[in-house]
Structures are given as C-alpha cells and as structure tokens.
Amino acid sequence: MLTPPELFKCLADETRARATLLIVEHGELCVCELMCALDESQPKVSRHLALLRSTGLLLDRRQGQWVYYRLNPELPAWAAEVLETTLKASADWLGTNTARLCNMDGRPVRCC
C-alpha cells in the first residue's frame, strides 16, 4: 500500500512529477511520448518510470514495440485525489510539456 511519504518522495523530483501528471491528464502514455513531452532522453525517462512503477504508483503494459504507462487503478483514494488536485492546479506549469506532446510527430496510435 502506497504511503504519503512514498508518494511525496516520488513526486519530489520534477521529471517524475511532470511525467506522473501528464499520465494522469492523458490516461496512458508511452515512453516515446514522455520523452517528447519532457524533452529528455530515453534512459532518463525510463529510469524515472521504473521508480514510479516500483512504488506502485504506475502500471505498464506492452503493445508491440511500445510500453505504455498508466496510473495504478488500485491507488488509495487519497492519492488519486492529490494527483487530480495537483493536475488541476498545474496547467501553467505543464503547459510546455502538454504542447510538445500535442505537437509530437509520429505519435503512436492506440488500438486498444
């Protein structure tokens, strides 16, 4: 079970906070989408996603060559509420990341 210190420790890193909030906003994103949105390298993004997955905050699934990440639906209600509230208050902070994602060339198409 995710505890408040674990959640806040995960989100204390800017890359992890931005990635998590983008995933909350879009429902599910793959590594390449997060690389584009965050303007970061694949190893850096993957390292942060692995940490978020290991704490139980995110789940992943493979679809062909893509690995998609989504919020764990079994998160405690308080944690989901914190993320939703933070997302609502972060539109300006995430603006550049969201714009990069929306303008991404070759963005993967989800069939499922």
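In degrees, nearest 10, range 0 to 90: what is the angle between the Cα axis of helix 14-26 and the longest Cα principal axis of the chain?
Helix 14-26 sits at roughly 80 degrees to that axis.
Per residue, how much accessible surface does the range 12-112 expose to a 1.4 Å probe? Answer in Å², no decimals.
Details: 5410 Å² over 101 residues.
Heavy-atom accessible area per residue stands at 54 Å².
Using a probe of 1.4 angstrom, how much of the accessible area of the range 6-112 is carbon and sulfur, in percent?
Details: 3020 of 5800 Å².
The nonpolar share, carbon plus sulfur, comes to 52 percent.
The values are calculated or read from the model by the stated rules, or taken from the named source; none is laboratory data. Please read all numbers here as calculations on a predicted model, not as lab measurements. Ligands, DNA and RNA are excluded from the accessible area calculation, which covers all protein heavy atoms including side chains. Shrake-Rupley method; radii C 1.70, N 1.55, O 1.52, S 1.80 Å.
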